[in-house]
1. Any idea which residue in segment 316-334 is surrounded by the fewest Cβ atoms within 10 Å (Cβ to Cβ), counting only those that are of a type in the set (A, V, I, L, M, F, W, C) and touching a Gly at 6+ places or on another chain (Cβ under 8 Å)?
2. In the set Arg237, Arg227, which member is within 16 Å of ligand 1 (Cβ to nearest atom), closer than 19 Å to His371 by Cα and without any contact (Cβ under 8 Å) to a residue 12 or more places away in the chain?
3. Exactly one condition in (1) touching a residue at least 40 places away in the same chain (Cβ under 8 Å); (2) open to solvent by 30 Å² or more (accessible area, probe 1.4 Å); (3) aliphatic (A, V, I, L, M) is false for Ala54; which is it?
4. Show me the strands (runs of 3 or more DSSP E) entirely contained within segment 248-339 in which 1 or more residues are over 16 Å from Cys390 (Cβ atoms), more than 16 Å from ligand 2 (Cβ to nearest atom) and in contact (Cβ under 8 Å) with a residue 40 or more places away in the chain.
5. Could you please let me know if Val215 is assigned by TED's automatic domain parsing to the domain that holds Glu288 and assigned to a helix (DSSP H, G or I)?
6. Quickly run through segment 128-174 and pick out the residues that are open to solvent by 70 Å² or more (accessible area, probe 1.4 Å) and touching a residue at least 60 places away in the same chain (Cβ under 8 Å).
7. Conditions first: (1) under 11 Å from Leu255 (Cβ atoms); (2) out of contact with any Gly (no Cβ under 6 Å at 6 or more places or on another chain); (3) open to solvent by less than 10 Å² (accessible area, probe 1.4 Å). Val313 passes all but one, so which condition is the exception?
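The values are calculated or read from the model by the stated rules, or taken from the named source; none is laboratory data. All values derive from a computational prediction rather than experimental measurement. Here the Cβ is made from the backbone with ideal geometry for all residues, glycine too, and neighbour counts use every protein chain on show. With ligands, DNA and RNA removed, areas are computed over all heavy atoms of the protein, side chains included. Shrake-Rupley method; radii C 1.70, N 1.55, O 1.52, S 1.80 Å.
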Amino acid sequence: MLSTVQAKLLIVDDLPENLLALEALIKREDRQVFKALSADEALSLLLEHEFAMAILDVQMPGMNGFELAELMRGTEKTKNIPIVFVSAAGRELNYAFKGYESGAVDFLHKPLDIHAVKSKVNIFVDLYRQSKAMKQQVEALERSRREQELLLTRLQATQAELEQAVRMRDDFMSIVAHEVRTPLNGLILETQLRKMHLARDNAAAFTLDKMHAMVDRDERQIQSLIRLIEDMLDVSRIRTGKLSIRPARFDLAQLVRNLVENFAQQVAAAGSSMQLDAVGPVEGHWDEFRIEQVVTNLLTNALRYGAKSPVDVRVYSEHGEARVEVRDRGIGISEDNQKRIFQQFERVSASQVAAGLGLGLFISEQIVSAHGGTIEVESQIGEGALFRVCLPLEAAQ
Ligand SMILES: Nc1ncnc2c1ncn2[C@@H]1O[C@H](COP(=O)(O)OP(=O)(O)OP(=O)(O)O)[C@@H](O)[C@H]1O
Ligand SMILES: [Mg+2]
């Protein structure tokens, strides 16, 4: 591993033959030797490369080896490069560079002792390799620490999502239990009442009129149970990507007209009114049953959250789209909540008095987008809401 690190060596001497001789001594396959004939040349090489060590001739015309060393010590990039001075003078010269005591500085004397040169270079190159390898290890450690940190944040995010999912499931269970119990309670009470009348042979409780009313009540309770179950099935179909669309040609205006008529009783019960504006047929290729489901939810919502205000329904075509708009003048929806309400089980707390499962808009949006269309809401709190469904007039792919 250590030997894979290429070491660059700089040798500086004003005599080319000295450079060649020195190069021959220290050259090896895993080393690259750079030669400079002057301090200037050396400086430009120093700025360009990262050297494991520099061997400087002390006596050079112009800038000498000591001066070059001084410059190197003053520069961030080069200040840690070990320097070996080569001088012809005696040992007393050593005192001339006290300033470098702290850095790695060594001396070679001419004539060069081959063994001394080789062993000094070996030591410095090994040191260089070791510190290089250490640096790489530190970097690798730092990298893996960062990766771990990233992983940890991802894990924490996943955990938060899971917790949210569990909370949602718990909420869902309690909402479902509550919603199922309401119609079931109605049915059970009715049954007990009838049992009581039967036990008393009370034929007057079972006249044809009363039977009609009973069957109507039963039917409503059963319908609401079926709707609940259908909605839950739709959610699981959506989750597993099995919500199927069976398109056929039909007139959207006519569908909405029929729906509004069928809603007459509920409109009256809500103390509201409903106007329809639909001129001419608006024909397209959609799943009639599913689109009915979408519009039914919008109408139900407008009555539920419309605070008895009149509801305006419009069907028209524009920009290659068929559009249905349902507008009420009720409690409205804040901008924040406008995004939330299209998610499953999302109900705005202020409107929970008239609680549904909070599935209607979620299912509606999935149905509409499966048709290549969109559903949008325009609203301000206290000013009512306008829901708009847009469906492509051309058959969706
Ligand atoms: N016209 C509206 N005005 C004000 N708030 C609305 C309106 N329509 C929907 N909302 C808000 O959006 C929430 C989600 O609506 P959605 O139709 O998905 O569920 P829901 O009506 O509560 O229950 P479900 O449709 O499953 O019976 C509602 O609970 C209500 O808070
Ligand atoms: Mg609804």
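1. The selected residue is Ile331.
2. Being within 16 Å of ligand 1 (Cβ to nearest atom), closer than 19 Å to His371 by Cα and without any contact (Cβ under 8 Å) to a residue 12 or more places away in the chain holds for just one of Arg237, Arg227, which is Arg237.
3. Going through the list (1) touching a residue at least 40 places away in the same chain (Cβ under 8 Å); (2) open to solvent by 30 Å² or more (accessible area, probe 1.4 Å); (3) aliphatic (A, V, I, L, M), Ala54 breaks only (2).
4. Once the strands (runs of 3 or more DSSP E) in segment 248-339 are filtered for at least 1 residues that are over 16 Å from Cys390 (Cβ atoms), more than 16 Å from ligand 2 (Cβ to nearest atom) and in contact (Cβ under 8 Å) with a residue 40 or more places away in the chain, what remains is 248-251.
5. Criteria not met by Val215.
6. Matches in segment 128-174: Gln130, Asp171.
7. (1)
A quick yes/no check of all residues on (1) modelled with pLDDT of 90 or more; (2) β-branched (Val, Ile, Thr); (3) not assigned by TED's automatic domain parsing to the domain that holds Leu15:
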{"residue": "Gly74", "(1), (2), (3)": "no, no, no"}
{"residue": "Gly90", "(1), (2), (3)": "no, no, no"}
{"residue": "Leu93", "(1), (2), (3)": "no, no, no"}
{"residue": "Lys98", "(1), (2), (3)": "no, no, no"}
{"residue": "Ser119", "(1), (2), (3)": "yes, no, yes"}
{"residue": "Val125", "(1), (2), (3)": "yes, yes, yes"}
{"residue": "Arg146", "(1), (2), (3)": "yes, no, yes"}
{"residue": "Glu149", "(1), (2), (3)": "yes, no, yes"}
